[in-house]
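Here's the structure, in structure tokens; my notes come after.
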Amino acid sequence: MSDVLPLVFDGHNDVLTRLLDTGESDAVESFVAGAAGHVDLPKARAGGFGGGFFAIWVANPDDAAFNPDDMRQPIYDLPLPPIVSQEHALSVAYAESAILKRLESAGALQICTSVEHIRSSLQTGVIAAVLHLEGAEAIDEDFVTLDLLYQQGLRSLGPVWSRPTIWAEGVPFRYPGTPDIGKGLTAKGIALVKRCNELGIMLDLSHLNEAGFDDIAAHSIHPLVATHSNAHALCRHARNLTDRQLAVIADSGGMVGLNFAAAFLREDGQMRADTSVDSMLRHLDHLLGILGEGGVGFGSDFDGAVIPEAIGDCTGLTVLREALRTHGYDDALMRRLCHENWLSILERTWHTK
């Protein structure tokens, strides 16, 4: 077995939202010098974080952020904030995409729009960044803004971040709960799926309710992907995927990125840092049992959730990979989990038309 740990290409982080909150003028310096968050340049180098999907996420302008304490109860059902306006969402999307562009200009990362770009970045040690939209509130009904964001590098999109949009409905932060809640995609949502298929934008099923999940499965021509989701059979949180959903993803040749968020890992659904790495291994084993070795990767949710204290931040990816080895995963499976499966999905999804 090789002594060299493979680099990790990760399915989801919220570092752009964190950097926007610190103030745009400080964003580049904060990322390059190192900050209090989960992902920055020094931590990435130390932990073997080779890159991943950098999410644009829009907070509700008038609502307080979720408090982790709200998800430390035996039972909880957090009210979802209302739909946000397209105007507000677009202003945030442009601000966060501008931060990513400034990080690229500073040499901190490379915005990648092809698998060749990602492979080159992994080989040269430059962070490979894929621009992702977590919740499509910024997109207008005529897809003008979708085309504009595509030109800026957008290559991955989730129709919802839990709260409703004009495209679909999401799942609540509820434990115990199920994703079987609410209606499926709207007619506009189906049109969005088709436009993303035409452009070669990957569709993300994370945060989507079960009816919407089934509608994307019925209408999308691409492999199904949940960038940061876990197994409902092991944690009965509404955000997690049932075995039926996992089988549908497997049948499409798709994949799931393991979410490191403690509330979606623990059997009791609580967002607590004192969560074991073993819980991550249990979810990985379950996902692999349904999706196979080609259908699982990582989707950390760094900078967007409370993660196990043994991991801490992206430096802890070394701890995780060493735990996988101890657990018995061989070199070939390690490479697949760490980055090869993500590259395979993108090769089968991205194209120009």
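Read the figures in this text as sums done on the coordinates, not as results from a lab. Quick caveat, the model's predicted, so the values are computed rather than measured. Positions of Cβ are generated from backbone atoms using ideal geometry, with glycine treated the same way; all protein chains shown enter the neighbour counts.
For the stretch 46-112, with equal point scatterers placed on the C-alpha atoms only and solvent neglected, what are the log10 I(q)/I(0) values from the Debye formula at q = 0.11, 0.20, 0.22, 0.23 1/Å, to two decimals? Those come out to -0.46, -0.93, -0.98, -1.00, one per q.
Please list, ordered by chain and number, the residues whose modelled amide H lies under 5 Å from the amide H of Gly135; skip anything fewer than 5 residues away on the same chain. The list, which skips near neighbours in sequence, is Gly158, Val160, Trp161.
Between Glu267 and Ile221, the contour length at 0.36 nm per residue exceeds the alpha carbon distance by 13.1 nm.
Mind checking the stretch 135-185 for trypsin sites (Lys or Arg not before Pro) that DSSP puts in a loop (not H, G, I, E or B) and that have at most 14 other Cβ atoms within 10 Å? Sparse-neighbourhood loop trypsin sites (Lys or Arg not before Pro): Lys183. Counting Cα-Cα pairs of the stretch 1-117 in 5 Å increments starting at 0 gives whole-percent bin shares of 2, 9, 16, 20, 17, 14, 11, 7, 3, 1, 0. Can you compute the label reach from His351? Point 7 Å from Cα along the Cβ direction, backbone N cut-off under 16 Å, restricted to the stretch 296-339. The answer is none, because no backbone nitrogen lies closer than 16 Å to the label point.
Using the empirical formula 2.2 N^0.38 Å as the baseline, the Cα radius of gyration of the stretch 279-330 reaches a ratio of 1.17. Bridges between two residues of the chain, per DSSP, are antiparallel at a rate of about 15%.
Quick check for you: which residues of the stretch 84-122 have the amide N under 17 Å from the point 7 Å beyond the Cα of Arg335 toward its beta carbon? Within reach of a label on Arg335: 116, 118-122.
Based on C-alpha pairs under 8 angstrom that are at least 6 apart in sequence, the chain has a relative contact order of 20 percent. Overall form of the stretch 183-229: oblate. Here a/c, set by the Cα gyration tensor axes a ≥ b ≥ c, is 1.5 or more, and a/b is not larger than b/c. Qualifying chymotrypsin sites (Phe, Trp or Tyr not before Pro) in the stretch 70-144, where qualification requires a DSSP coil assignment and no more than 11 other C-beta atoms within 10 Å, are lacking entirely. Quick note on the stretch 208-287: its Rg to Rh ratio, both from C-alpha atoms and Rh being the Kirkwood radius, is 0.99. Where the alpha-carbon atoms of the stretch 64-195 are placed on the principal axes, they occupy 47, 37, 25 Å, in descending order. For the stretch 92-141, what does the alpha-carbon gyration tensor say about shape, rounded, prolate or oblate, given a ≥ b ≥ c as the root eigenvalues, a/c under 1.5 as rounded, and a/b over b/c as prolate? Oblate. Working from label points 7 Å from Cα in the Cα-to-Cβ sense, the Arg236 to Ile166 distance is 3.9 nm.
Quick one: work out Rg over Rh on the C-alpha atoms of the stretch 231-353, Rh as Kirkwood radius. Using Cα coordinates only, the ratio equals 0.96.
In terms of overall dimensions, the C-alpha atoms belonging to the stretch 151-261 reach 39, 27, 26 Å along their principal axes, ordered largest to smallest. Normalising by residue count, the stretch 8-347 has a Cα convex hull of 116 Å³ per residue. Between the alpha-carbon centers of the stretch 270-321 and the stretch 26-88, tell me the distance in whole angstrom. Cα centres, the stretch 270-321 to the stretch 26-88: 17 Å.
The Rg/Rh ratio for the stretch 8-65 is 1.00, where Rg is the radius of gyration of the alpha carbons and Rh is the Kirkwood radius.
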